[in-house]
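Inspection log for the structure reproduced underneath, given as structure tokens.
The values are calculated or read from the model by the stated rules, or taken from the named source; none is laboratory data. All of these numbers come straight from a predicted model, not from anything done at the bench. As a convention, Cβ positions derive from the backbone with ideal geometry for all residues, glycine included, and neighbour counts pool all protein chains shown. Calculation scope for accessible area: heavy atoms of the full protein, side chains included, ligands and nucleic acids excluded. Shrake-Rupley method; radii C 1.70, N 1.55, O 1.52, S 1.80 Å.
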Amino acid sequence: MYIRRIIGFFLFCSIAFSAFAEMPYRTVLRKADDHFANKEWQEAVTMYDVLLERRPGRVKTYVDAVVASAMMNDSSSIMQYVVRSEMQGLSLDSLFTGIDVLSRSIGQSGIYEQVLLLVKEQQPWFTRVTNNYLLGYYVFRHDAEKILAVADELLSVMPGQINYLKAKADALLLLGNDTAAVEVQKTILDIDSLNFDANLFLGSYYAIKGQEKLKSIDQQYLEDSNGLSISASVYKEEKRQVINGDIACAKKYFTIAARVRSNKYLLEQLSMLSGLSDELPQSSGVIRPFLKRLKQE
């Protein structure tokens, strides 16, 4: 009984295909669109086959056919349309871009990733191409772990590619590995010392790090002194070390960034950092209020 049903289905498809082949192109296209809109994926795919027999060079038909096939989890059908598009000389860029847009429009953005991973597996000679699209997709989704995996794979082939390094640094930052992110940003500057984004990142990193250290020293000084007159030389020396270390680094990176692309934020940061000193709260009358404010910040 089951075999009869399968045979009957294929006979129906064969007859239907012949019938649709006689219809005007626009009529078949409208029917395909209707089936797609109604989520009748198999019927839509049948229409796309008819359309591709007529106009094998239309990218949109391949896009629709791939998405419909993906909705049926039909990997072999997906690859069939990908290969057919390649045989027509159509670019993977136009195909992938179309799939991305269409899958998002129907709330199924995961289809895009599914297709890219399938093409990467089935056509390994396109690995770098598909990895580039996967990287863009994962960056859009803020999927740090997958960004890191794909970026490392791409960097193993092209270690000096700055956009891959930047994606890796951003992913490490998302994962909370600030130290590793800083090292990657420094690698970018080894390649391009005037890279604006890397200089801005490092300037901000060292500015925040330095100011936190200075705040901690002030707070420790106030707690230790407890309003009494004690030697402040140790604390002042600690603050000078921070100013000559992290704060100096921040100023260096911000200065380079400002030379490349000056803006209000950079100028304000440089002005603020230049105003930092080794001075400590001195008056016993302001120690306790100042300590309280530090703890609240």
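Structural size metrics of region 197-281, computed from C-alpha coordinates, are Rg and Dmax of 14.6, 48 Å. Dipole orientation for the chain: of the candidates 137, 160, 235, 137 has the Cα lying most toward the positive pole (charges on Cβ; Lys, Arg +1; Asp, Glu -1). Only helices enter this figure: runs of n ≥ 4 DSSP H residues, each worth -39500 (n - 2.57), summed and divided by the residues of the chain, yield -25500 deg cm²/dmol at 222 nm to the nearest 500. Each other residue within a Cβ distance under 15 Å of residue 254 adds +1 if Lys or Arg and -1 if Asp or Glu, for a net charge of +3. Cα-based values for region 83-135, radius of gyration first and Dmax second, are 10.9, 30 Å. Placing a pseudo-label 7 Å from each Cα along the Cα-to-Cβ vector at residue 34 and residue 223 gives an inter-label distance of 7.5 nm. A Förster distance of 22 Å, applied to the separation of the beta-carbon atoms of residue 142 and residue 117, puts the FRET efficiency at 0.75. Inter-part distance, region 16-87 to region 230-275, computed on C-alpha centroids, equals 62 Å. Let me check against my output: what whole-number percent is the relative contact order of the chain, with C-alpha pairs under 8 Å and at least 6 apart? Dividing the mean separation by the residue count of the chain yields 9 percent.
Pairs of alpha-carbon atoms within less than 8 angstrom and 6+ residues apart define the contacts here; what relative contact order does region 197-281 have, in percent? Let's see the in-between values first.
Working: 73 pairs, mean separation 37.5, N = 85.
It comes to 44 percent, rounded to a whole number.
Remark: C-alpha extents of the chain on the principal axes read 99, 38, 33 Å, sorted largest to smallest. Which pairs, out of 168/239; 39/168; 213/252; 39/166; 60/120, put more than 30 Å between their alpha-carbon atoms? Over 30 Å Cα-Cα: 168/239; 39/168; 39/166.
Relative contact order for region 104-213: what is it in percent, counting Cα pairs under 8 Å that are at least 6 residues apart?
On the way: 82 pairs, mean separation 16.6, N = 110.
Relative contact order, region 104-213: 15 percent.
How many Å² of accessible area per residue for region 197-281, probe 1.4 Å? Each residue of region 197-281 exposes 53 Å² on average to a 1.4 Å probe. Just to be sure I understand: with springs between alpha-carbon atoms less than 10 Å apart, which residue in 97, 46, 27 has the highest mean-square fluctuation in the Gaussian network model of the chain? Comparing 97, 46, 27 in the GNM, the peak value goes to 27. For region 2-196, the solvent-accessible area works out to 54 Å² per residue, with a probe of 1.4 Å and every protein chain left in place. Counting only protein heavy atoms and a probe of 1.4 Å, the accessible surface of region 2-196 is 56% carbon and sulfur. Within the listed set 224, 190, 143, the Gaussian network model of the chain (springs between alpha-carbon atoms below 10 Å) gives the highest mean-square fluctuation for 224.
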